[in-house]
Amino acid sequence: MTGKAFVIGVGMTPFVKPETREWPYWEMAREAGEAALADAGVPYDRVGQAAVGHCHQPSTAAQRAVYQLGLTGIPVYNVNNNCATGSSALMLARQLVAFGVEDCVLALGFEKMKKGALGAGAGGGDFAASPVARHYGVMAARHGFEATPPTAQIFGNAAREHMERYGTTREQLAAVAEKNHRHSAANPNAQFRDVYALGDILSAKTVHDPLTKLQCSPTSDGAAAAVVVSERFVRERGLTDRAVEIAGQAMTTDTEESFASGSCIDVVGRPMSRDAAARAYEESGLGIEEVDVVELHDCFSVNELLTYEALGMCPEGESGELAACGATTYGGRWVVNPSGGLISKGHPLGATGIAQCAELVWQLRGEAGERQVDGARVGLAHNIGLGGAAVVTVLRR
């Protein structure tokens, strides 16, 4: 990167169950955008461009959303990268700043979803045209295709493989969900704030064995935003005390490794996540050893385990033990998903990656309230989407 980029303001709405609130997407976007601008102390007319993520809205929904903030004629980009949409918008904003195109860019993400599980991405029903047809084809060749929600099925089959290969237990998978539900109790923006015992999680309705309902992220409505600026902007406005540096960031997409093994563990993105993390570590000059707090893509409990391994938090196959021993909660080596993660905070696709950034900015500033991780100075965000894209961002105060 040519120059540095900093986040000086963040905002997000509560994440809520779809169809429970009369709330058009442009209003949720306005709410998050205004909060981020107020946090930054920057008027909208100072924003030079906007990168806006959404998956289920019309093609120029980004314009409809930012027009609620002002009609200034700036370039507005509509970003769609499946579940990694929010972090992709953040990365675009960071690049515009780091390469000197703009001094101040707004990254915004939002989603208005429908109740029920996500489909396989087949659009109008032509599965052959689905962007993830190859991914599900690999799954079907090894596991067949069952009458369960497709996304839960492909991740659930990854969990089965992890159990068979490494001896991971149902209790270890459930420990991820127990932790994240417990963390969300302190997050007023979380969709769910109930705390569950391990037995409650194990005995909940099975979605795709071994995953129960309480180990699966819900569909959600909500928005999040971040104001990304240059070092010059920070210096000229005296914002050093509030600025959080994007010290390293990388996006990867699928390679042959994702498909060659025929394993769902690879198909759902562990190689992409590993490679993105390695590049983000290299750029930032920081490793997982320096990280204090992590917001990662726990769309299903097994993906948190796979991500521990991809980020280098433990060797392959040992993530179940890491989750069960308390190393990833308060008092452990890292605090992972203090927000409650996707499982409990919610997962409005376009907003998820930017909401992760917001949580980490609050943590690194010491503004996370009851969720605060003591002494947090370095944070890591991980956001992944089938199809595929993985984005890893290292943030430093």
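Elements of the type helices (runs of 4 or more DSSP H) sitting completely within segment 6-98 and holding at least 2 residues that are open to solvent by 60 Å² or more (accessible area, probe 1.4 Å) and out of contact with any His (no Cβ under 8 Å at 6 or more places or on another chain): these cover 25-40.
Determine which member of the set 202, 173 is surrounded by fewer than 24 Cβ atoms within 10 Å (Cβ to Cβ) and at pLDDT 95 or above. 202 is the lone residue from the list that is surrounded by fewer than 24 Cβ atoms within 10 Å (Cβ to Cβ) and at pLDDT 95 or above. The residues in segment 382-397 that are small (Gly, Ala, Ser) and open to solvent by 10 Å² or more (accessible area, probe 1.4 Å) can be counted, and the count is 2.
Exactly one residue among 321, 282 is open to solvent by 10 Å² or more (accessible area, probe 1.4 Å), charged (D, E, K, R) and under 18 Å from residue 178 (Cβ atoms), and that residue is 321.
Cβ-Cβ distances below 6 Å connect the following pairs, each with a first residue in segment 296-320 that is farther than 23 Å from residue 86 by Cβ, a second residue that is open to solvent by 20 Å² or more (accessible area, probe 1.4 Å) and in a loop (DSSP other than H, G, I, E, B), and a separation of six or more residues or different chains: 309/316.
If you go through segment 360-380 and pick out every residue that is open to solvent by 10 Å² or more (accessible area, probe 1.4 Å) and outside any loop (DSSP other than H, G, I, E, B), you end up with 6. Residues that are over 19 Å from the mean Cα position of the chain (by Cα) and part of a helix (DSSP H, G or I) within segment 141-155 comprise 141, 142, 143, 150, 153, listed in sequence order.
Restrict the check to segment 15-37 and report whether at least one residue is under 19 Å from residue 234 (Cα atoms) and of a type in the set (Val, Ile, Thr). No, there is no match, as no residue in segment 15-37 is under 19 Å from residue 234 (Cα atoms) and of a type in the set (Val, Ile, Thr). Here the condition is being open to solvent by less than 10 Å² (accessible area, probe 1.4 Å) and part of a helix (DSSP H, G or I); of 344, 339, it holds for 344 alone.
The values are calculated or read from the model by the stated rules, or taken from the named source; none is laboratory data. Please read these numbers as outputs of a predicted model, since none were measured by experiment. When we count neighbours, we look across all protein chains shown, and the Cβ atoms used for this are built from the backbone with ideal geometry, even at glycine. Heavy atoms of the whole protein, side chains included, go into the accessibility calculation; ligands, DNA and RNA do not. Shrake-Rupley method; radii C 1.70, N 1.55, O 1.52, S 1.80 Å.
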